[in-house]
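The values are calculated or read from the model by the stated rules, or taken from the named source; none is laboratory data. Fair warning: this is a prediction, and the values are worked out from it, not measured in the lab. When we count neighbours, we look across all protein chains shown, and the Cβ atoms used for this are built from the backbone with ideal geometry, even at glycine.
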Amino acid sequence: MSAAPGPEDVLDGLRRQARRLVAELAGPVRRVRLRTGETVLEVEWHGPAAPAPRTDPEPVAEPALETAPTTDRRAVRAPVVGTFYRSPEPGAAPFVAVGDVVRPGQVVGIVEAMKLMNEVTADQAGRVVEVLVEDGKPVEYDQPLIALEPVTGRGE
């Protein structure tokens, strides 16, 4: 007979469900409340509503980057305000490094917001040319985190 899950286990499960729920919603989220028995997880964003994850299959034009005549770089941007982490846990290898080729939907980092770990995913394919934010530093919504250049598809 297995022991009943403790309060921390229940809370961890609610956190996982909240992350999944927020990632799946089509619109901005300001408040999430999940309950299992007596355990309640409630998350509320102050300020602007948390943005919905980008689901556009086509690359989104980045006006600030397109004005630079010498480069065709794009940026993977912060989905929420929080703290940016390059790896899944302290001491682990980073999700991506300069020179890596990423595909759409690939996890390139994490932004922690209110104890929730929000995966940062590439919305387009490209080669990582620069990591724009140091590990463990605060980021703002829509702040560029990783600079990508398009890949040609020939031998890459």
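Looking only at the stretch 76-87, decide whether some residue is more than 16 Å from Arg15 (Cβ to Cβ), out of contact with any helix residue (DSSP H, G or I) (no Cβ under 7 Å at 6 or more places or on another chain), among the aromatic types (Phe, Trp, Tyr) and in contact (Cβ under 8 Å) with a residue 60 or more places away in the chain. Within the stretch 76-87, one or more residues are more than 16 Å from Arg15 (Cβ to Cβ), out of contact with any helix residue (DSSP H, G or I) (no Cβ under 7 Å at 6 or more places or on another chain), among the aromatic types (Phe, Trp, Tyr) and in contact (Cβ under 8 Å) with a residue 60 or more places away in the chain.
Considering the stretch 121-156, and only residues there that are of a type in the set (A, V, I, L, M) and more than 15 Å from Ala97 (Cβ to Cβ), the residue that is modelled with the lowest pLDDT turns out to be Val151. Among the conditions (1) more than 11 Å from the chain's Cα centre (by Cα); (2) closer than 22 Å to Ala18 by Cβ; (3) surrounded by fewer than 19 Cβ atoms within 10 Å (Cβ to Cβ), Val139 misses just one, which is (3).
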